[in-house]
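The values are calculated or read from the model by the stated rules, or taken from the named source; none is laboratory data. No experiment lies behind these values; they were computed from the predicted model shown. Note that each Cβ is placed from the backbone with ideal geometry, even for glycine, and that neighbours are counted across all protein chains shown.
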Amino acid sequence: MSFIANPSAIEDSQSVSSKKSHKVSTPSAVENGQAVRHATVRRRPVFPFTAIVGQEEMKLALLLNVIDPKIGGVMIMGDRGTGKTTTIRALADLLPEIDVVADDPFNSSPTDPELMGETVRQQVEQGIELPVVKKKVTMVDLPLGATEDRVCGTIDIEKALSEGVKAFEPGLLAKANRGILYVDEVNLLDDHLVDVLLDSAASGWNTVEREGISIRHPARFVLVGSGNPEEGELRPQLLDRFGMHAEIRTVKDPALRVQIVEQRTEFDQDPPAFLEKHQAQQDELRHRLVKAQELLKQVTIDYDLRVKISQVCAELNVDGLRGDIVTNRAAKALAAFEGRTKVTVQDIRRVVTLCLRHRLRKDPLESIDSGYKVQKVFSEVFGIQEEEQ
């Protein structure tokens, strides 16, 4: 899955994001034989991603999942008021617009069959020309009180029986397709709903079945969960399904705290001016993400390094092979982000803790390793002195 539908149009699609009116209004046009139209949209200003101070673990994990969504999402655990929601909203706002089929409830791609709903796929196969619009990457907030029907969608049995059509009311998973699904306080969500989210995130599809009627639609999204460890942890079986685990802590440095307060105050007083101030950095980071997604397929990792990654997982007694797979993917995504086609030991070092720390816990009452154990084993396997870290 890619968030980047048309890299060559990034500058055009984002150049208006910091204008004072925050309107996007473009006349109808025809691109590549398809009708493309833009709707006039007024959006609330979002704090820029590049202006967020600190919390490097969380920002790195989110960026790597954008580059390669197959990493499997991020679980963010940390203190209250540390900017978790602000950072995730900023990430969604940072990403460039994507091409979607107009008025499609699943944000279907006009070109990729794997990201199309059933109706759109049939129309494409029949050669029907579909109207295409540009749309910001969707960030869907999943409320704690959401029911399974609200998450997965429902089938109108009465209409299906009386009119002979599959009347489907899409849920939040449909809305999140090709976007970001954010679950705040995911550790307080019912386990069966967490299972549904993780299954959809892993397979890329959501299936709803009722009374012999089955509906299947694409549901490819980056799953981001957050929570406060004081309110309890997820079960180890569920934690293992998240690709990465980031820990964030309240900033202790007084000077840094003052900088954060001043930045937030400046943004609240004059959002357009603050956005304009950071526009160049936003554009630069956006282009880096685009290039990283394009470069990712070319990135390689030496066999010796892959063996050592698996040795680290084995010595840490990590169950299953998810740890091995995610660490390889994250290291490749990091190399691509930095414009390289070959993974280095330092790439692995930077991601190994994020990928493995939450897979060590066997007892639900045991706390998650801060990273010391992972880094200690990593240093031993790779022959690096710990004091060099």
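Structural remarks
Residue by residue, here is whether (1) within 30 Å of residue 351 (Cβ to Cβ); (2) of a type in the set (Val, Ile, Thr); (3) touching a Phe, Trp or Tyr at 6+ places or on another chain (Cβ under 7 Å) holds:
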residue: 99; (1), (2), (3): no, no, no
residue: 104; (1), (2), (3): no, no, no
residue: 115; (1), (2), (3): yes, no, no
residue: 131; (1), (2), (3): no, no, no
residue: 150; (1), (2), (3): no, no, no
residue: 155; (1), (2), (3): no, yes, yes
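- Enumeration of residues in region 171-193 that are outside any helix (DSSP H, G or I), modelled with pLDDT of 85 or more and not charged (D, E, K, R): 171, 177, 179, 180, 181, 182, 183
- In this structure, residue 248 does not qualify as touching a Lys or Arg at 6+ places or on another chain (Cβ under 8 Å), modelled with pLDDT under 90 and over 27 Å from residue 353 (Cα atoms).
- Residue that is in contact with a Leu (Cβ under 9 Å, 6 or more places away or on another chain) and modelled with pLDDT under 85, where the choices are 54, 83: 54
- Boolean, residue 234 is within 15 Å of the chain's Cα centre (by Cα) and either closer than 26 Å to residue 80 by Cα or of a type in the set (Gly, Ala, Ser) (or both): no
- Positions within region 331-389 being in a loop (DSSP other than H, G, I, E, B), exposed (fewer than 15 other Cβ atoms within 10 Å of the Cβ) and at pLDDT below 90, in sequence order: 362, 363, 364, 365, 366, 367, 370, 383, 385, 389
- Test: residue 208 is β-branched (Val, Ile, Thr), touching a residue at least 40 places away in the same chain (Cβ under 8 Å) and more than 15 Å from residue 75 (Cα to Cα): yes
- Of the helices (runs of 4 or more DSSP H) lying entirely inside region 212-317, those containing at least 3 residues that are charged (D, E, K, R) and under 18 Å from residue 334 (Cα atoms) are 279-295.
- Flag for residue 39 being among the hydrophobic types (A, V, I, L, M, F, W, C), modelled with pLDDT under 85, assigned to a loop (DSSP other than H, G, I, E, B) and exposed (fewer than 15 other Cβ atoms within 10 Å of the Cβ): yes
- Residues that are in contact (Cβ under 8 Å) with a residue 24 or more places away in the chain number at least 3 in the following helices (runs of 4 or more DSSP H) confined to region 56-129: 56-67, 84-94.
- Conditions (1) surrounded by 15 or more Cβ atoms within 10 Å (Cβ to Cβ); (2) out of contact with any Lys or Arg (no Cβ under 7 Å at 6 or more places or on another chain); number of the one not met by residue 87: (2)
- Verdict on residue 222 being out of contact with any Lys or Arg (no Cβ under 9 Å at 6 or more places or on another chain) and surrounded by 15 or more Cβ atoms within 10 Å (Cβ to Cβ): yes
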